[in-house]
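*Asks:* Starting off with a structure, shown below.
The values are calculated or read from the model by the stated rules, or taken from the named source; none is laboratory data. Since we're looking at a predicted model, the values are computed, not measured. Note that each Cβ is placed from the backbone with ideal geometry, even for glycine, and that neighbours are counted across all protein chains shown.
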Amino acid sequence: MATPPIDTRANDDPALLCSAYLDGTLSSEDDFAIFVSWLKSSPNSRKQFAHAAMLHTNLQVVMQHNDMREFFVEDNLADASFRMVDPRNIRMMLDEAAEAAAKESKKAAREAAAIAAAAAAEAERLQAEEQRNARPRRPPPIEIPRPLAYLAVTAIAASLFFAVSSWKERSSYQTQQAAVGPAKIEPVAAPPSIATVGKSIDAVWSNAKGAIGMGARLMPGPVRLDDGMAEIALDGGARVILEGPVSLDLLSSGRVRLTQGRMVAQVPEEAIGFTVSAGGASIVDLGTEFGIDMQREGDFGVHVLDGEVALKLKERAEPLLAGSARAVDASGLVSREIEADRHTFIRRVPASSYELAILKSRPTAFWRLNEFSNETSVKSLGSLELSSPAGAGAHTGAESRRSEADNRALELLAKHDGINVGYHPGLALANGFTIEAWVVTPPTLELPSPKRIISSFSESPDSGFALGVAGHAFAGSNDFPSMTLLFTFYGVYDCLAKVGLRPNNMYHVAAVVDDQGKPSLFIDGELVPAAVRGLEWPGYRPVPEIVSSDMQGLISRGPLFIGRNPPSQTGIYPPESWIGQIDEVAVFDKALSEEDIQSHYQAGLR
Amino acid sequence: MSSAPEHPSETATERFASRRTLNVLWSQNHLMVLGYIRSVVIDFHMADDVLQETAAAVAERFDDYDSSRPFLPWALGIARNKVLVTLRANSRDRCVFDHELVTQLSETYAELETSNNDVQEALSDCVTHLHRRARKLLELRYVRDLPANAIAQATGTTAGAAGMALHRIRKVLRDCVQSKLGTAMQGGD
């Protein structure tokens, strides 16, 4: 560094030598030699130097913290008209950090202490003298300083240890972020709590002391949910919905760091500025809801579910609007656009273990049928969020026999119109799909005809599927019980189980059609033996391992009904209306495994 | 679906508890370690790299740390080795401390009081009381990390004057912190 040597008076003043050394302006070898010999001369001089260096280090932390704060809403700002970062101008604002800092300083200067102001005025006078000679220039455009590019610096630098196993893989460039020091200055001896645990379901926390209950207060530090889901409300106002397995660090009332797993952040207006850091990047919320999914260490996807966020990468920032999504690599350098999938995330903590189990399998449509008795339509969760009218005779709000609190079911008695879900391409399925439901079977043992739980039967051409029950009268054979599970592809085949069902009893039932078209039936989570009868065949045969083309179901172009067949145009098939209860109907556009069905059933028993 | 804890998860719990201890110790002391590193490795970014390496080494060797002895001197010992390696690698620089001084300084830092968080809070407050021009200088030096002549250019002055101004601002801040905390922060001037 070829700078002119500092004033020769420095030789006499060790404090000046310290300052010059720390600022890197002590380049003359003579001055350096004097400085070194002073340091070596006594432990006291080293102590003096160490104090100066600590001030220097602390000052950097403080200045960077102050600088970062200016881009967010201050938690303790009195006035309601807080400054919002306009996502379209983020880059410009970062480049003009000097102007923003000056405004803030002007306000602070008005309250300046007398001594500090006088001493600082002296410094200014010195500069003013020099300024008279040269006109001050606006500083040339400066690259965004590294610390500003990843604003969610850890409040507890210790959190860097959570990823200590992957340190060796990371570039030194990226690891610098943790060394900047605490962004929020708090006495570590007794860190105040900053968040409250909200609702949870089947939550398994990695906590030696046992379960963390609703209302528990959390301090800054790591949080890990091994299983289940839970909601954490941060004191700054933001809510994070966690889906286990997930681990994150709570840094402050307005900042968290995601280290692995999936979470959704919901940020009301008063918590704007809430930040999630992930890998080498961070996401600043500007009044929204967003989901972030980190499966491999550091690489993550962010989907903006509502509102907008600012995605801060290592070297630039970009605004993201609702409906957009990005994949970001672990270093925080690269982001690429990906297809936004709002259904990747479960956006609220499920009310029951069964709901959690179903949602984790990402259903196409999931009717909880939990509506009250005065409600006239039912709604579905999942990829398709539908609202469908409950027809005459289809009674919502019935007390469910399952042990889950506040659970209700659909009650179907005599003649009824079922629930007309309508036609949706997502529900027009032929291969690779699953249907599941909890039902209370019809009260009569002898069934003259099938009873359908869910059906998309259609004519011209004969197509669609239906899941229901039937008995040996329908089968025309005493090889089958009086009531058992039936899965039909209209015009193609009937698949009938061989395990009996009792009337007026509750069961978990499921039908899975694999990608090749082979059907499997499940009762209470167990795969049950079954047989199929097609149009061409004389009777029932065991379900073949390899399914031939004459067993391929046709996709229905008509509506889907819950509780009965859709009305037939020509009257060729009767309604075959369900009598009993139907609850928690789920349709998946993939073939679930036996383990999935079993675990769903188990979840429904809790 | 939670199963009874098996042996592997108990070990994980122990590891988790040990990591928590490490986290607490590190968060209490890491700024002192950083201060030490910065006093020998002037460049901010190189110093940060050394801090990272130190942190990693501390974590790896935490099982060897004798918890009956103070943490800071142990961590500083590790930092000192990392510093020496870095200085050797950059031995082209003439103005670096020698091995003896680097070691002596690690001992100096080990004896500093570690109530650093109070200092930071006071310092943060003192900075807000500074005049606009003073804060601007600090921002150029500590946030934008500019060398002296760049600061001079940005403020329309000379490198020497900029250095002197920074020195005086730091003196003001030290006095301010001292008055807030009432501690005798011996530091000359």
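*Asks:* For the structure I just gave you, tell me whether A:Pro567 is free of Cβ contacts under 8 Å to residues at least 12 places away in the same chain, closer than 26 Å to A:Glu385 by Cβ and not basic (Lys, Arg). Show your work before the answer.
*Replies:* Numbers: free of Cβ contacts under 8 Å to residues at least 12 places away in the same chain: yes; closer than 26 Å to A:Glu385 by Cβ: yes; not basic (Lys, Arg): yes.
The answer is yes for A:Pro567.
*Asks:* Also: If only one of B:Leu130, B:Leu84, B:Leu140 is facing another protein chain (nearest Cβ under 7 Å), modelled with pLDDT of 80 or more and either in a helix (DSSP H, G or I) or within 24 Å of B:Leu31 (Cβ to Cβ) (or both), which one is it?
*Replies:* Details: B:Leu84 fails: facing another protein chain (nearest Cβ under 7 Å); B:Leu140 fails: facing another protein chain (nearest Cβ under 7 Å).
Just one listed residue meets the conditions, B:Leu130.
*Asks:* Something else: Any idea which of (1) surrounded by fewer than 23 Cβ atoms within 10 Å (Cβ to Cβ); (2) more than 22 Å from A:Pro192 (Cβ to Cβ) is the one A:Gly236 doesn't satisfy?
*Replies:* For A:Gly236, the exception is condition (2).
*Asks:* For the structure I just gave you, tell me whether B:Ala122 is part of a helix (DSSP H, G or I), in the same structural domain as B:Ile169 (by TED's automatic domain parsing), among the small types (Gly, Ala, Ser) and modelled with pLDDT of 85 or more. Full working, then the answer.
*Replies:* Working: part of a helix (DSSP H, G or I): yes; in the same structural domain as B:Ile169 (by TED's automatic domain parsing): yes; among the small types (Gly, Ala, Ser): yes; modelled with pLDDT of 85 or more: yes.
Answer is yes for this residue.
Quick grid of which residues meet (1) within 27 Å of A:Ala357 (Cβ to Cβ); (2) buried (at least 22 other Cβ atoms within 10 Å of the Cβ); (3) without any contact (Cβ under 8 Å) to a residue 40 or more places away in the chain:
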site: A:Ala203; (1), (2), (3): yes, yes, no
site: A:Ala216; (1), (2), (3): yes, no, yes
site: A:Asp226; (1), (2), (3): yes, no, yes
site: A:Ala230; (1), (2), (3): yes, yes, no
site: A:Val264; (1), (2), (3): yes, yes, no
site: A:Thr275; (1), (2), (3): no, yes, no
site: A:Gly279; (1), (2), (3): no, yes, no
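*Asks:* Here's something else I'd like to know. Which residues, counting only those in region A:574-603, are small (Gly, Ala, Ser), in contact with an Asp or Glu (Cβ under 9 Å, 6 or more places away or on another chain) and within 12 Å of another protein chain (Cβ to nearest Cβ)?
*Replies:* Result: A:Ala603, single match.
*Asks:* Does region A:337-379 hold any residues that are aromatic (Phe, Trp, Tyr) and outside any strand (DSSP E or B), and which are they?
*Replies:* Answer for region A:337-379, where residues must be aromatic (Phe, Trp, Tyr) and outside any strand (DSSP E or B): A:Phe345, A:Tyr354, A:Phe372.
*Asks:* Further question: From the list B:Ala59, B:Ala75, exactly one residue is surrounded by 21 or more Cβ atoms within 10 Å (Cβ to Cβ) and either acidic (Asp, Glu) or more than 19 Å from A:Tyr21 (Cβ to Cβ) (or both). Which is it?
*Replies:* Answer to the selection: B:Ala75.
*Asks:* If you don't mind, there's one more thing I want to ask. Of these, A:Gly273, A:Gly228, A:Gly221, A:Gly280, which one is in contact with a helix residue (DSSP H, G or I) (Cβ under 8 Å, 6 or more places away or on another chain), at pLDDT below 85 and on the phi > 0 side of the Ramachandran plot?
*Replies:* A:Gly221 is the lone residue from the list that is in contact with a helix residue (DSSP H, G or I) (Cβ under 8 Å, 6 or more places away or on another chain), at pLDDT below 85 and on the phi > 0 side of the Ramachandran plot.
*Asks:* Being more than 15 Å from A:Gln260 (Cβ to Cβ) and surrounded by fewer than 24 Cβ atoms within 10 Å (Cβ to Cβ) is the filter here; which residues of region A:287-309 pass it?
*Replies:* Hits for region A:287-309 are A:Gly287, A:Thr288, A:Glu289, A:Leu305, A:Asp306, A:Gly307, A:Glu308.
*Asks:* Among the residues of region A:39-56, write down those that are more than 7 Å from chain B (Cβ to nearest Cβ) and surrounded by fewer than 17 Cβ atoms within 10 Å (Cβ to Cβ).
*Replies:* A:Ser41, A:Ser42, A:Asn44
*Asks:* Looking at A:Gly237, is it out of contact with any strand residue (DSSP E or B) (no Cβ under 9 Å at 6 or more places or on another chain) and away from chain B (no Cβ under 12 Å)? Break it down into steps so the answer makes sense when it comes.
*Replies:* Working: out of contact with any strand residue (DSSP E or B) (no Cβ under 9 Å at 6 or more places or on another chain): yes; away from chain B (no Cβ under 12 Å): yes.
For A:Gly237, the condition - out of contact with any strand residue (DSSP E or B) (no Cβ under 9 Å at 6 or more places or on another chain) and away from chain B (no Cβ under 12 Å) - is met.
*Asks:* So which of B:Gln178, B:Gln104 is at pLDDT 80 or above and more than 7 Å from chain A (Cβ to nearest Cβ)?
*Replies:* That would be B:Gln178, the only listed residue that is at pLDDT 80 or above and more than 7 Å from chain A (Cβ to nearest Cβ).
*Asks:* Another one. What residue, of A:Ala511, A:Ala586, A:Ala591, A:Ala530, is touching a strand residue (DSSP E or B) at 6+ places or on another chain (Cβ under 6 Å) and closer than 13 Å to A:Phe465 by Cβ?
*Replies:* Answer to the selection: A:Ala511.
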